[in-house]
Every structure is written in structure tokens, then in C-alpha cells.
Amino acid sequence: MPKQILLSTPHMGDSELEFVKEAFDTNWIAPVGPHVDAFEQEFCQVVGTSHAAALSSGTAALHLALRLIGIEPGDEVFCSTLTFIATASPITYLGAKPIFIDSDRTSWNMNPDLLQEALDHRAKTGKLPKAVVLVHLYGQSADIDAILEICNYYNIPLIEDAAEALGATYKGRSPGTFGKIGIYSFNGNKIITTSGGGMLVSEAPDLVAKARFLATQARDPAPHYQHSEIGYNYRLSNVLAGIGRGQLQVLRDRVNARRHNFEVYQQALGRLPGIEFMPEAAFGRSTRWLTCLTIDPKAFGCDREQVRLALAEQQIEARPVWKPLHLQPVFAGCECIGGEVAEYLFETGLCLPSGSNLTPEELERVIEVVKGLKN
């Protein structure tokens, strides 16, 4: 039985254990402490923002972001449809309703033209959404300037879901730092990980301070436990923040490794008929968090699912591209603007093993299975 090759596994460096040991030696185990403070400061330096709050997950960060801008029951929030459910679930936590926007073919992210058309129409009917949640998918930034211009014109706050895009760039800057609030994820499969964790960033110090307050059960300043509003247990632990500090030190190396994986796959498979790799938009540099491709079954001879199953038979994990949220049963009945592009990418798209710790031999195993299906 060959060794299993997973889609995207954690990749530890040399410093993480030292930071964790320091947390144990000083008994800073609770969800506060010097590593949390340092992780927030170092993260700000890496992405180029001024304020950050370290949280228990990217989902928690997005939930707080929506609450901070005042999302309430009955509100509507525009949201990318081609993404993981964690982008839209927090909208429903607050009793609001997601409205999904299709992707463009250039970046696979939210289509600015569709957003413009939708907001123009909503403005005429007096039903503008309360916010726009923009995803930066699979390590590639969306066309932020175009989307931000539209949002600013209608005075709609933009929240950036950069959970998959830490280390990417958009016109030389980090996605997640353009909108009113940005969020990142350190889940175990991300570019860097704290096993579980997230970060909320903003140029508005009052918003980040409020996020920290809400994330620590909204405890009022008092010697006793007093609460004037409902909060959450969303703060990141000092131990996990120590892991994050070590991971930040190797972020550039991890991005380069994943981009190398993409280049190896593209060189080996890119000329096969029916295979097209996720494009890299001219406005930025993708991390290639996951190497994604589409398969035209007529040209290639097998469809996406046949390729995935063939890889699985050889103990190689591959995944379909995200199923669009407007097709998810839990969001049945939610409006979607467009949808054809996202549906096509789901039907034909496949994510290959992409971890930064893949060996040349493992990459070759993946390649040989895919090539073998064409022979």
C-alpha cells in the first residue's frame, strides 16, 4: 500500500516548538499572553496593516467583522458564491441573508461587473445590501480596486475574506488590507497554521479594540464579572499564538514551495488536451495555496470525478473545486447574481495535492496517475 498523499498538510519549522515551550515554561497557557500580543504585532508588519486581533478561527473573525459593521436580522449581505461555507455562515449567525455573486474567469473570484450591475439595480429599488464580503480564492486576490470603487460609490462597507490568501499580493499589497475589515485563517490546511486560529485586521483601532472586547465575552471593566452586551469566547490561546509566530517566520518559504508545486504540475500536465490550470491574474501574485485545474472530459477523455477517483485509488487525496454556495441545500432559495462560471468551475475543477512539504517523488506520483488516464 503506497503512502497516502494528502491535499494540504501542516508544515512546521524550527521555531514553533521553542515558542510553545516558552509558553509552558512561563505558564502562559490561557487565551491571553505575550505570544498573542507579539503575534498580532508581527502579523501587522507582514501584511502591512496597523491593527489586528488574534482569534480562535477565521470564521470567528468574520462573525465579529459582520457584527462590528452592524449587521442585524433581516439585512442582506452580498457574498462570493465560489467559496467554503464559512464565508457565508456567519451572515446567518446574525439573522441576515446572503446574496451570492458569481465569479469571473480571470481570477475565479467575485465578478466586479456583476457586482456593479446588481448594486445599480438595488440602488434604483432602494434595497442596497448592508455589506459586501469578498473572498480571495485559492491564494489569489480578487480585483479589489474595481470592487472597492463600486462599494465606496454606494457607501457599502467591504469585508475581505483572505482566509486562503495570506502571502498573496494585489498590486504590491496584501489582500485583506483594503476593505474596512479583513480576516485570515490559520486552519491546519492553510499556508501557515496555528492548528486552529484566525486574525481580524483593520486600519480602524476602535473596531479592533471592540473585536477584542467581544472576543473575550464582552466583559465590562470591573473587579467582578459584569456584562452589558453578549460576547463570545473567540480569543486565540497564547500557546497557539506561539505556533503562529514561528509559522510567520517561514511564510515566504511556504508560498514559494506551493508556487513551485504549481509550476511542476503545469509543466508536466499543462499541455495535455482538456487540462487548464487556474490562471494568475495580472494584478497580483498568487500563493497557489492549492493547485487547481479544470478538465474538459471531451478533450481529456475522463471527467473531473474519474480523475479524482483514480487518484484516490492510489492513496492520493484530491478535491473538487468548492461547490458554489448558491447550490448548497442550506442556502436553497437564496438569490444568486449569475452563477454559470462558478457552476462550471465546480463541475470541471479539481484541486491537486499542494502542501509545501510535498517531495519531488510525491509530486511525480500525482503526475503519473493523471498522465496515465490520458494514455
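Mind scanning LYS127/LYS323; LYS3/LYS323; LYS171/LYS374 and naming the pairs with a C-alpha gap bigger than 32 Å? Distance filter (> 32 Å) returns LYS171/LYS374.
Per residue, the Cα convex hull of segment 251-374 amounts to 138 Å³.
In order along segment 192-209, the Karplus-derived 3J(HN,Hα) couplings, from 6.51 cos²θ - 1.76 cosθ + 1.60 at θ = phi - 60°, round to 10, 9, 10, 6, x, x, x, 9, 10, 10, 6, 7, 9, x, 5, 5, 5, 4 Hz, and Gly and Pro are given as x. Here's the picture: charge each Lys and Arg Cβ at +1 and each Asp and Glu Cβ at -1 in the chain, and of SER141, GLN4, PRO175 the one pushed furthest to the positive end of that dipole is GLN4. Close amide-amide hydrogen proximity is noted between SER356 and THR9, each under 5 Å apart and 5 or more residues distant or on a separate chain (H modeled in the peptide plane; Pro and chain starts excluded). In order along segment 62-77, phi translates into HN-Hα couplings of 5, 4, 5, 4, 5, 5, 5, 8, x, 5, 10, x, x, 5, 10, 10 Hz, rounded to whole numbers, per the Karplus curve 6.51 cos²θ - 1.76 cosθ + 1.60 with θ = phi - 60° and x for Gly and Pro.
Where a ≥ b ≥ c are the square roots of the eigenvalues of the C-alpha gyration tensor, would you call segment 54-172 rounded, which needs a/c under 1.5, or, failing that, prolate if a/b is larger than b/c, or oblate? Please list the in-between numbers first.
Numbers: a/c = 1.71, a/b = 1.06, b/c = 1.61.
Note, shape of segment 54-172 comes out oblate.
Per-residue 3J(HN,Hα) values for segment 227-242, derived from phi via the Karplus relation 6.51 cos²θ - 1.76 cosθ + 1.60 with θ = phi - 60°, read 9, 9, 8, 7, x, 9, 9, 10, 6, 6, 6, 5, 5, 5, 5, x Hz in sequence order (x marks Gly and Pro).
Distant-in-sequence amide contacts of ASP102, defined by a placed amide H-H separation under 5 Å and a gap of 5 or more residues or a different chain, comprise ASN111, ILE337, GLY339.
Could you pull out the trypsin sites (Lys or Arg not before Pro) across segment 234-329 that fall in loop regions by DSSP (anything but H, G, I, E, B) with no more than 11 other Cβ atoms inside 10 Å? When the trypsin sites (Lys or Arg not before Pro) of segment 234-329 are filtered for loop state and at most 11 Cβ neighbours within 10 Å, ARG271 remain.
Charging the Cβ of each Asp and Glu at -1 and of each Lys and Arg at +1, and nothing else, the dipole of segment 237-343 about its Cα centre rounds to 560 debye. In a simple Cβ point-charge model (Lys, Arg +1; Asp, Glu -1; nothing else charged), segment 1-138 has a dipole of about 620 debye relative to its Cα centre. What does the charge add up to near GLU280, with Lys and Arg as +1, Asp and Glu as -1, over the other residues with Cβ less than 10 Å from its Cβ? Result for the neighbourhood of GLU280: +3. Between segment 334-375 and segment 70-87, how far is it from one alpha carbon centroid to the other, in angstrom? Using only Cα atoms, the two centres lie 26 Å from each other. Scattering from the chain was approximated by placing one identical point on each alpha carbon and applying the Debye formula without solvent; log10 I(q)/I(0) at 0.07, 0.08, 0.10, 0.11 1/Å stands at -0.31, -0.41, -0.64, -0.77.
With an 8 Å cut-off on Cα pairs and a minimum separation of 6 or more residues, tell me the relative contact order of the chain in percent. Intermediate results must be reported in sequence, preceding the final value.
Details: 839 pairs, mean separation 91.6, N = 375.
Answer for the chain is 24 percent.
Measuring how big segment 5-95 is from its alpha-carbon positions, Rg and Dmax come out at 17.2, 49 Å.
Across segment 169-308, C-alpha contacts under 8 Å between residues 6 or more apart give a mean separation that, scaled by the residue count, equals a relative contact order of 19 percent.
Could you list MET1, MET199, MET12 in order of exposure, starting from the residue whose Cβ has the fewest other Cβ atoms within 10 Å?
MET1, MET12, MET199
Residues whose amide H comes within less than 5 Å of that of ILE316, counting only those at least five positions distant or on another chain, are ILE5 (H built at 1.01 Å from N in the peptide plane).
Dipole check for the chain: with +1 at the C-beta of Lys and Arg, -1 at the C-beta of Asp and Glu, and the Cα centre as origin, the magnitude is about 160 Debye.
Within 15 Å, Cβ to Cβ, of ARG235, how many net charges do the neighbouring residues add up to if Lys/Arg are +1 and Asp/Glu are -1?
Working: positive: LYS210, ARG212, ARG219; negative: ASP37, GLU40.
Combined, the nearby Lys, Arg, Asp and Glu give +1.
Bear in mind these aren't lab numbers, they're just calculated from the coordinates by the rules spelled out. Being a predicted model, the structure only gives us computed values, none of them experimental. Every residue, glycine as well, gets a Cβ built from its backbone with ideal geometry; the counts of neighbours run over all protein chains shown.
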